[in-house]
Amino acid sequence: MRQGRPPEMPADPTPFDGPRVDVEARLGWLLRVSRLTADDPDNRSLAGFAARLRATGSPAGTPQISRWETGRLPAPAAIFARYETILGLPAGSFGSIAVGLRSALGAPRPVVPPAPPDIVALRRRYDLVHERLEDAEVAGGTWLAFADILRTDGLVVLLHSRVLDALLARLIDEMMRSVGIAYTTRFTALATLLTRPGLTADVVGAIDTGAREPGAQGVVDAISLLGELGDAAAAGRLLALLAGDDATLRLGAAHALLNMANVGTLPARHTAAMGRILHRLDEHDPAVTVLAGRAPMPAPRCPPPAPVRRRPPPAADRFALVAHARTGLEFDPMLCRLVAEAVASRYTERRHHAALLLLASPYRAAVAEVATGVVGTDPDAATRRGAAGLLRYVVGPPQVPALRRWLRSERTDLRAAALGALPHAGVPAEAIGPDLAAGAGRPPRPTGPVIYAAGMTGHPLLRRWADDPATEPSVRRTARWWLRHGPAVLH
């Protein structure tokens, strides 16, 4: 594909389970491998790509591009957008990943002095964006543009309260039902609006309304947004949810508090209060699992921290090497690190963001293929569970035949993996046929994962559950929520 010396591939030298990772090396890796696998040979050439960047208004030359792509120099937000444009990717494909990674893993964002806004140009831009927001389907990049306009320094956009409330409600609703880049773009747009002075109360109110709508699913993601605020008021609100009786709200609060603990915005007194609340919860509560080791807790609920693993566990390492072999690309140490983290890291947020990087990368299809094989055949149960978690991020239509077979399997782990991955595969109910009902058991038992899979695919089971008076009331409410809101958001 290329001649001459192979380009330097970024690597993350930090310990595998250490307290920090090299965020900029990971983002540089995403830019580099995406450019090197481009169909256009001019984009694969450093000099050719520099010429394309100059045509978009960037003065960057080949040395600066090389520093961005190896993580030695943090790439500004505008550069991620220019890569997306040149490589023909949807708006926000890279930028939303970069914002999320830097925010969740505590990396300082590149400081770019704000330029004085051109009010006339911004008004024209907003007119175009608002027209797109009135369409039946809105792309994630449009929501990012909307959030970017509202956060612009010096710009005051006066929206009628009903208009703003309706847009925020729609954005939250779509985020709760979105997959892949559609999810990351909407989450990033909401995080941007949430932290904009003057809009925080509106967004918090919209999150609360959306999360508390009877029957709503996807609530954990909505509540976890509150961790982006990073202030004492948000911490107090989240601790109240963590101490409450609603298990779903409690789990969302745990993820939000985890984000605050990671980036150092959780006040010490709230950290201590979090430990006391966790000590009162059942040790098997998912919220306790998410926050394990992040708060001081009295013995015996607080086991000593496990020693830092300096390299991936062997099973995850083998999985990563198989994924590398399937791509046909040169050896890529970052690929091995990311797959291993997504499968085997002890940190919830580390697994999540490693999987998002793989989702946005050209490795996605190969990783999905390998993950499917590992879930089905690997002898190690922990590796199978980790691969099933990764599959939820990278799954696509090619994996659906295997998932349909798993729904009819006698193995409970395969049925669970299928129900976890199917909602994110981006296929309608017709692609699943009667297999979802088979996965729900005989007779079908509408558990949370089954209802979620039915909702995201628009399956006919929803109407049956919604209309049958014999169905449990909570299931009827959730089925009706899906019938009102619609299936998965894919773009």
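The values are calculated or read from the model by the stated rules, or taken from the named source; none is laboratory data. Model, not experiment: these values are computed from the prediction. Cβ sites come from the backbone with ideal geometry, for glycine too, and all protein chains shown count toward neighbours. What goes into the accessible areas is simple: the full protein's heavy atoms, side chains included, and nothing from ligands, DNA or RNA. Shrake-Rupley method; radii C 1.70, N 1.55, O 1.52, S 1.80 Å.
Is it true that some residue in the range 406-417 is assigned to a helix (DSSP H, G or I) and within 21 Å of ALA247 (Cα to Cα)?
Start the filter on the range 406-417 by keeping residues that are assigned to a helix (DSSP H, G or I), which leaves 406-407, 412-417.
Okay, now just the ones that are also within 21 Å of ALA247 (Cα to Cα), so 416.
Checking the range 406-417: at least one residue is assigned to a helix (DSSP H, G or I) and within 21 Å of ALA247 (Cα to Cα).
Is there any pair linking a residue in the range 237-249 that is within 18 Å of ALA273 (Cβ to Cβ) to one that is basic (Lys, Arg) and open to solvent by 30 Å² or more (accessible area, probe 1.4 Å), with Cβ under 8 Å and at least six apart or on different chains, and which?
ALA243/ARG280
Just to check your reading of the model, which residue among HIS324, HIS353 is open to solvent by 10 Å² or more (accessible area, probe 1.4 Å) and over 30 Å from ALA261 (Cβ atoms)?
Details: HIS353 fails: over 30 Å from ALA261 (Cβ atoms).
None of the other options fit; the residue is HIS324.
If the requirement is being part of a helix (DSSP H, G or I) and under 20 Å from ASP148 (Cβ atoms), which of these qualifies: LEU190, LEU241? Break it down into steps so the answer makes sense when it comes.
Values: LEU241 fails: under 20 Å from ASP148 (Cβ atoms).
Of the residues listed, the single one that is part of a helix (DSSP H, G or I) and under 20 Å from ASP148 (Cβ atoms) is LEU190.
Only one of LEU338, LEU391 is in a helix (DSSP H, G or I), modelled with pLDDT of 95 or more and either within 17 Å of the chain's Cα centre (by Cα) or among the charged types (D, E, K, R) (or both). Can you tell me which? Break it down stepwise before answering.
Working: LEU338 fails: modelled with pLDDT of 95 or more.
None of the others qualify; the one that does is LEU391.
Please enumerate the residues belonging to the range 70-91 that are more than 22 Å from the chain's Cα centre (by Cα) and closer than 25 Å to ASP22 by Cα.
Going through the range 70-91, the residues more than 22 Å from the chain's Cα centre (by Cα) turn out to be 70, 72-73, 86.
Hits for the range 70-91 are THR70, ARG72, LEU73.
Of all residues being in a helix (DSSP H, G or I), closer than 26 Å to SER93 by Cα and in contact (Cβ under 8 Å) with a residue 60 or more places away in the chain in the range 356-388, which is nearest to the chain's Cα centre (by Cα)? Just the residue, please. Show your work before the answer.
Within the range 356-388, the subset in a helix (DSSP H, G or I) is 356-360, 364-377, 381-388.
Filter again for closer than 26 Å to SER93 by Cα, leaving 356-360, 364-372, 386-388.
Still in the running and in contact (Cβ under 8 Å) with a residue 60 or more places away in the chain: 356-357, 359-360, 386-387.
Working: LEU356: 6, LEU357: 9, LEU359: 9, ALA360: 10, GLY386: 16, ALA387: 16 Å.
So the residue we want is LEU356.
Residues in the range 467-480: is at least one within 24 Å of MET175 (Cβ to Cβ) and basic (Lys, Arg)? Step through it out loud before you land on a result.
The first filter runs over the range 467-480 and keeps only residues within 24 Å of MET175 (Cβ to Cβ), leaving 474-475, 477-480.
Going one step further and asking which of them are basic (Lys, Arg), we end up with 477, 480.
Yes, the conditions are met somewhere in the range 467-480.
Report, ordered by the first and then the second residue, all pairs with beta carbons closer than 8 Å, sequence separation of six or more or different chains, a first member in the range 131-143 that is within 15 Å of VAL179 (Cα to Cα), and a second member that is of a type outside the set (D, E, K, R) and open to solvent by 80 Å² or more (accessible area, probe 1.4 Å).
GLU137/HIS491; ALA139/PRO90; ALA139/HIS491; GLY140/PRO90; GLY140/HIS491; GLY141/PRO90
Across the range 225-239, which residue is modelled with the lowest pLDDT among those that are more than 11 Å from MET260 (Cα to Cα) and not basic (Lys, Arg)?
ALA233
Scan the range 394-405 for residues that are of a type outside the set (A, V, I, L, M), in a helix (DSSP H, G or I) and open to solvent by less than 60 Å² (accessible area, probe 1.4 Å) and jot them down.
Here is the first cut: in the range 394-405, the ones of a type outside the set (A, V, I, L, M) are 396-399, 401, 404-405.
Add one more test, that the residue is in a helix (DSSP H, G or I), and what stays is 397-399, 401, 404-405.
Correct list: GLN399 only.
Every residue in the range 66-84 that is open to solvent by less than 20 Å² (accessible area, probe 1.4 Å) and outside any loop (DSSP other than H, G, I, E, B), please.
TRP68, GLU69, THR70, ILE79, PHE80, TYR83, GLU84
Of all residues in the range 174-198, how many are open to solvent by 30 Å² or more (accessible area, probe 1.4 Å) and at pLDDT 90 or above? Walk me through it before giving the result.
From the range 174-198, those open to solvent by 30 Å² or more (accessible area, probe 1.4 Å) are 181, 183, 187, 192, 195-198; that's our starting set.
Filter once more, keeping what is at pLDDT 90 or above: 181, 183, 187, 192.
Looking only at that region, the number is 4.
Take HIS255 and tell me if it is open to solvent by 40 Å² or more (accessible area, probe 1.4 Å) and out of contact with any strand residue (DSSP E or B) (no Cβ under 8 Å at 6 or more places or on another chain). It would help to see each step written out before you state the result.
Values: open to solvent by 40 Å² or more (accessible area, probe 1.4 Å): yes; out of contact with any strand residue (DSSP E or B) (no Cβ under 8 Å at 6 or more places or on another chain): yes.
Answer is yes for this residue.
Examine the range 215-223 for a residue that is buried (at least 22 other Cβ atoms within 10 Å of the Cβ) and either of a type in the set (D, E, K, R) or at positive phi (or both), and state whether such a residue exists.
Yes; the residues of the range 215-223 include at least one that is buried (at least 22 other Cβ atoms within 10 Å of the Cβ) and either of a type in the set (D, E, K, R) or at positive phi (or both).
Given the conditions (1) open to solvent by less than 60 Å² (accessible area, probe 1.4 Å); (2) assigned to a loop (DSSP other than H, G, I, E, B); (3) not small (Gly, Ala, Ser), report the number of the one that ASP39 does not fulfil.
(1)
Restricting the first residue to the range 37-65 and requiring it to be of a type in the set (Gly, Ala, Ser), which pairs with a second residue that is modelled with pLDDT under 90 and open to solvent by 50 Å² or more (accessible area, probe 1.4 Å) meet a Cβ separation below 9 Å and a spacing of at least six or different chains?
Final answer for the pair search is SER45/ARG2.
If I filter the range 10-36 down to residues being within 23 Å of ASN262 (Cα to Cα) and among the small types (Gly, Ala, Ser), which single residue comes out as surrounded by the fewest Cβ atoms within 10 Å (Cβ to Cβ)? Walk me through how you get there before you give the answer.
Step one: list which residues in the range 10-36 are within 23 Å of ASN262 (Cα to Cα), which gives 11-30.
Narrowing further to those that are among the small types (Gly, Ala, Ser): 11, 18, 25, 28.
Numbers: ALA11: 17, GLY18: 13, ALA25: 20, GLY28: 25.
Among them, the one singled out is GLY18.
Scan the range 416-425 for residues that are under 18 Å from PRO398 (Cα atoms) and either crowded, with 21+ Cβ neighbours inside 10 Å or of a type in the set (A, V, I, L, M) (or both) and jot them down. Before the answer, list the steps.
Of the range 416-425, the ones under 18 Å from PRO398 (Cα atoms) are 417-425.
Scanning the range 416-425 gives ALA417, ALA418, LEU419, ALA421, LEU422, PRO423, HIS424, ALA425.
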